[in-house]
Every structure is written in C-alpha cells, then in structure tokens.
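A short write-up of the structure that comes next.
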Number of protein chains: 2
Amino acid sequence: MATASKAGTPAPPSAPKGRGRRGARTSGDDRERAILETAERLLEERPLAEISVDDLAKGAGISRPTFYFYFPSKDAVVLTIIDRLVANAAEGREEILTTLAENGPRAGLRKSLENLYAAFRSRPGVVRAGSDLRPTNGEARDLWGAVMESWVADVTAVIEFERGRGAAPAGPPAREMAIALVQMNERAQYATLLGEAPSLDRDRVLDVLIDIWLRAIYGTPEPG
Amino acid sequence: MATASKAGTPAPPSAPKGRGRRGARTSGDDRERAILETAERLLEERPLAEISVDDLAKGAGISRPTFYFYFPSKDAVVLTIIDRLVANAAEGREEILTTLAENGPRAGLRKSLENLYAAFRSRPGVVRAGSDLRPTNGEARDLWGAVMESWVADVTAVIEFERGRGAAPAGPPAREMAIALVQMNERAQYATLLGEAPSLDRDRVLDVLIDIWLRAIYGTPEPG
DNA sequence: GAACTCTATCAACACTGTGTCGAGAAGGTC
DNA sequence: GACCTTCTCGACACAGTGTTGATAGAGTTC
C-alpha cells in the first residue's frame, strides 16, 4: 500500500518519488535514516505539532536547509514512517478467513485483531502523529483511508462467508456492517492507546470489541 | 458543560472568563458577535488551519490587534462556538430511558440518536474544526471528553436497566460496552458527515448503527 | 467644563517557524 | 585539471502569532 523507498537492490537512478530523496546513490542514506530515526524518537516524546524541522535537522546533525535536501517537508518524514509502519503491520497478516476457519469465530477474530494491532501498539507516538496529520494533509487522509478500506473489504468477505454457510443470520448489507465495526475498532483502539478521556482499559479493549463483533455478526457472543 | 458568556441579564461586571472578553458592558458585543459569525461562516468554507486571525479580524471589520481585545486566540473563538453547539445539542435532549420506554428499543434509540445528531449535522464545518483542534488543544480534548462521558453514562444506565428487567442478556460490563458503542457512533457519524474514504451513506448510518447497538445490547435486532 | 476613567482601537514591533536561493566544498570520472 | 554530481549551509523572504504603547472617544463626577 503506497510506496516506501526500499534499498535492497541498488534502486533505479531516477525513482519517481514524491517524498524521500530525489537522486539517491551513495552515502547520505545515513542522513536520511538519521532524520527518520530522530523523528521516530521525538514522536514518542512529544506531539508532532511541537516538533520543528529544525529539531529534526539538529537531531540528524545537519542544518535546516540540508534537511530539505532529503525531505520536502516535516509531513513527508512522518508519512514515510507511517508508510513503513503500515507495510509492517500488513506484512505479518494472514488470511483472516483461514484464521477464522482454523480457530473458530472468537479465537480466530482475537488472533487476527491482536496480530493486526501489534505493530501499532509498539509506536503510539507514530500513530498519534498520523492521526494529527489527517486534518491538514490529504496524503495522510488517503493513506489511512486505503488502510481502512482493505480491512473493510476483508471483514465484508468474512461476514458474507459466514452468512453464506448459515453460521451468521441475515442483517444489514455486509459491507455496511463491516464499515461500522472497523470504525469502532479504530476509534476504540486509538482512544485506549492514547489514554483518552472515556476509553477502555488496555487489557480489555479487544475482549469488549470482539464481543460486540460476535453479537453483531452472529447474534451471539459464543457462536458455533 | 463549560461556560458560554450569555448576556440576557447585564452580566456581573467581572465574570471569570477564560475565553471571550473580559470587562464587558456596552457595545463591542457586536464586534464579538461579528467575530463569531465570521468564524462560523468561514469554517463552512474551509478548514480551520486555512483561517488566520487576520481573516477573522477582517471579516469582523477590525484590525488584528483589536481581535485580541475580544478573544485570546483563534482557538478560543472556535471553542466558544463549539461550547454553544454542544449546549444546543444537549438542550433538546430528553431522558433516553423515558424515550426507550415510550417507543420501544428500536424506535426509541432511533429517536434519541436522531435528536442528538441533528445539531451537529447542520454545521459540519464546526464539527470538523472541533476535531481538528483536539490534537493541539487540551481544552478541546477535555470538552469533547466530557460530552462523550455524559453519553457513555446515559447508555450505561440504559444497558443496566434493560438487563435488570430481563430484556437484555448478560454480557461485558455495561460501561465497557457503552464506551465502545459510543465511540463507534462518534467515528461513524464523523466519517459520514465529512464524506471520508470508507464511510456509510448519510441516510444509512443510523440504521446500521442502531442495528449493531440492538444486537450488541439485546442479542437481537428486533427486541420485544 | 476640566479632570478622570473606562472601553475600544490600531501602527509598529518582536518572535517563531517555513521554505528558497545561491554560493560553495568534497569526491568521482575522463 | 576541467567537469559533473552530491551534499552542505548562510542569508533571505514570507506568513503568521501575539504584545506594546499611544490614543481616540464616550460617560461619569464634581
């Protein structure tokens, strides 16, 4: 989902990048990495709005103008980090339908969601930054929208499958239900991760969410 | 919930205001109103980040320094507007337990939620501004947190009542379920209102949300 | 009607942060 | 050693925020 300048292979001399560096060949990759690392570190310390381009430059041992040689803006740095985090989360992901079939609804759902949120839970600062970016940055909106969409598609498939085999009763269109459920998860997980006002305890979120999912999809908290 | 300088009565000479004006007596109330109206108008045109203090001042026919005579910051203006919108939404609100008892679960829930979201639906720009403010403004976070909390409390009471009279089966602690459900509603309504990436259609949101609520709380979409 | 006190107003300033420009240094290549 | 290319930064131009200080005018008060 979206590009992320990997450098396993030498990388074609002129990659059409939006964020990240332009030419790219030798060192200075170190600088780029230093900037990203600085950003990740600072984001776990304070919100994005309180981090300036100068902070990132200083942290990477370069001057502010030099920062702009590597990234077009502060947002671009954050987007790169999020790109990678999302790719990371998508990587360890197994086919949800398979997981459900193998473990049964409750345990399967739990396994899938636990796996999904593991990557995010380890970097709350990055998650917050992504969320902070959405209001002002269209690219951030699109990126997160695409992530949500892929989850919705998966969940829609699950609901349709379960209804098809008679394990789940009829109800609102599967996709509509999937959207609402995925949105609930996003909101609840986010609130918990950041310790918002009314939010669920860290070790209770998943239990509660899964219970609602099961009741919504199967009509009972303990399906077949 | 939180102050909002009303001026029905002459208002005590020294009201301890955080936002809004200080002394307050004669005209210049016009100016304050002009600023608020300008802000509301502009917010329906473009996001908060693209509105400067200067825009608000110009719109109200005053200079930028004069703006600061009336409000300590741009955020304060938005918070005042949101304060009023929230108060407005809370105003037309009836006891949810009563509404449920009179109309039955499905219709009662529908009536309550429709009523609740009516105020917000008419001013999407203000809602977005409030949401945009949360990342950077603690007061905005607290305000919205308090709103959420009051809804959660109501819903918790409903769930406990329905379980008590045997209409709803046991399940996770009522408050936990209430938090997740209220969060789902917030997220879904917001996404729909702003026409986000994956979101429910305007005329379907409530149906879908209510269906999930009923299944989650009663175990069936058509409780007695 | 002069002295006094408020509210209300703004030009000019100080500051913070962003992004750009143009002049170079440092290294590789022919 | 002339010549790219990568990389670096001082100095600038801008946009926006919030403050200061001086001042205009309206309304007492004696």
Highest mean packing first, using Cβ neighbours within 10 angstrom, the peptides B:212-224, B:50-62, B:175-187 sort as B:175-187, B:212-224, B:50-62
A chain fully extended from A:Lys111 to A:Ala167 at 0.36 nm per residue, minus the present Cα-Cα distance, gains in nm 18.2 nm
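Assuming R0 = 22 Å, what is the FRET efficiency of A:Phe69 and A:Thr136, from their Cβ-Cβ distance, to the nearest 0.05? All intermediate terms of the calculation are to be shown ahead of the outcome.
Values: r = 24 Å, r/R0 = 1.07.
About 0.40, to the nearest 0.05.
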The Cα radius of gyration of the protein assembly as shown, divided by 2.2 N^0.38 Å with N its residue count, comes to 1.09
Given the candidates B:Val86, B:Pro65, B:Ile51, the one whose Cα lies deepest towards the positive end of the charge dipole of chain B, counting +1 at each Lys or Arg C-beta and -1 at each Asp or Glu C-beta, is B:Pro65
With +1 on the Cβ of every Lys and Arg and -1 on the Cβ of every Asp and Glu, the dipole magnitude of segment B:150-213 about its Cα centre, in debye rounded to the nearest 20, is 160 debye
Which of B:Glu91, B:Glu162, B:Glu139 fluctuates most in a GNM of chain B (C-alpha springs under 10 Å)? That residue is B:Glu91
Magnitude of the Cβ-charge dipole (Lys and Arg +1, Asp and Glu -1) of chain B about the Cα centre, nearest 20 debye, reported as 580 debye
If every Lys and Arg gets +1 and every Asp and Glu gets -1 at its Cβ, then about the Cα centre the protein assembly as shown yields a dipole, in debye to the nearest 20, of 1000 debye
For the pair A:Ala146 and B:Asp54, the simple spin-label estimate (label points 7 Å beyond Cα toward Cβ) gives in nm 3.6 nm
Under the helix-only model (-39500 (n - 2.57) for each DSSP H run of 4 or more, divided by the residues of the protein assembly as shown), the mean residue ellipticity at 222 nm, to 500 deg cm²/dmol, is -20500 deg cm²/dmol
Across chain A, qualifying lysine pairs (alpha carbons under 29 Å, at least 8 places apart or different chains) come out at 6
Expressed in angstrom and rounded, the centroid-to-centroid distance over alpha carbons for segment B:51-130 and segment A:103-122 is 37 Å
Taking every residue of B:91-97, the Cβ atoms of other protein chains inside 10 Å of its Cβ average out to 0
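FYI, it's all coordinate maths here, none of it is from the lab. Only a predicted model underlies this, so the values are computations on that prediction, with no experimental measurement involved. When we count neighbours, we look across all protein chains shown, and the Cβ atoms used for this are built from the backbone with ideal geometry, even at glycine.
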